[in-house]
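The values are calculated or read from the model by the stated rules, or taken from the named source; none is laboratory data. Predicted model, so just to flag it, every value in this text is computed and none were measured. When we count neighbours, we look across all protein chains shown, and the Cβ atoms used for this are built from the backbone with ideal geometry, even at glycine. For the accessible areas, the whole protein counts, side chains as well, though only heavy atoms, and no ligand, DNA or RNA atoms are used. Shrake-Rupley method; radii C 1.70, N 1.55, O 1.52, S 1.80 Å.
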Amino acid sequence: MSRVPGRVIYNPHNTVALFKVMKVAVFSTKSYDRQFLEAANATYGHELVFFEPRLTADTAPLAVGFEAICAFVNDRLDALAISTLAQVGVRLIALRSAGFNHVDLVAARSHGMTVVRVPAYSPYAVAEHTVGLILSLNRNIHRAYNRVREGNFALDGLLGFDLYGRTVGIVGTGKIGALVGGILRGFGCRLLGY
């Protein structure tokens with residue numbers, strides 16, 4: 001597989017798809033972003049350059065010479081930032097989020113830029129995490145964890161309560177809300193959905 005920047009290359013995992021290797025500025029990066037993005041990119045060979053700062057109109061000039069940028073939820077892609085990105089040659093905005101309310105789509109369209117996003121997160125992961133947080137609060141796991149780290153094994157203030165037989169209200173009964181309800185039904189909860 002050729003890894004020449006700017007050339008269309010063959011993707012051995014998909015005999016139909018061809019793609020262009022790009023130089024990508026990745027903003028708002030943490031160490032875990034670098035780890036997972038580099039692993040995901042191993043097959044494709046895009047040139048990823050990681051920047052810790054948030055993407056704003058002030059930091060957009062860092063993308064000079066890049067064909068694409070990768071942004072996260074706290075990056076601010078307003079009209080001024082998008083205009084600056086277009087001036088330095090960026091043609092693609094790839095979001096590491098499902099939401100896109102931090103992107104001025106009208107400005108992106110007026111500059112001929114493509115905006116792509118994560119289509120959805122795993123509804124199972126979000127629902128399970130939600131129930132995990134409920135259990136942590138219900139059983140004071142966060143307090144118990146801190147106490148044990150300090151060598152304090154006293155149970156004062158750590159008593160929780162059974163979820164069984166409790167009524168739980170779920171605001172939002174789409175995919176995630178329905179899955180949360182299914183998990184909580186397994187605990188024997190009565191459910192109210194809105």
Single match in Gly132, Gly165, Gly174, Gly160 (criterion: out of contact with any strand residue (DSSP E or B) (no Cβ under 9 Å at 6 or more places or on another chain), of a type in the set (Gly, Ala, Ser) and more than 28 Å from Arg96 (Cβ to Cβ)): Gly160
Count of residues meeting criterion [out of contact with any helix residue (DSSP H, G or I) (no Cβ under 6 Å at 6 or more places or on another chain) and buried (at least 17 other Cβ atoms within 10 Å of the Cβ)] in the range 170-191: 4
Near pairs, Cβ below 7 angstrom, 6+ apart or cross-chain, from the range 41-61 (under 17 Å from Ile93 (Cβ atoms) and assigned to a loop (DSSP other than H, G, I, E, B)) to any residue that is open to solvent by 40 Å² or more (accessible area, probe 1.4 Å) and among the hydrophobic types (A, V, I, L, M, F, W, C): His46/Met22; Phe51/Leu62; Ala57/Leu80
Of all residues making up the range 15-72, the number that are at pLDDT 95 or above, open to solvent by 80 Å² or more (accessible area, probe 1.4 Å) and β-branched (Val, Ile, Thr): 1
Asp58 in contact with a Leu (Cβ under 6 Å, 6 or more places away or on another chain), closer than 22 Å to Val24 by Cα and among the acidic types (Asp, Glu): no
Which numbered condition Asp75 misses (of (1) assigned to a loop (DSSP other than H, G, I, E, B); (2) modelled with pLDDT under 95): (2)
Qualifying residues in the range 91-128 (those that are under 26 Å from Lys20 (Cβ atoms) and among the polar types (S, T, N, Q)) - the one most open to solvent (accessible area, probe 1.4 Å): Ser110
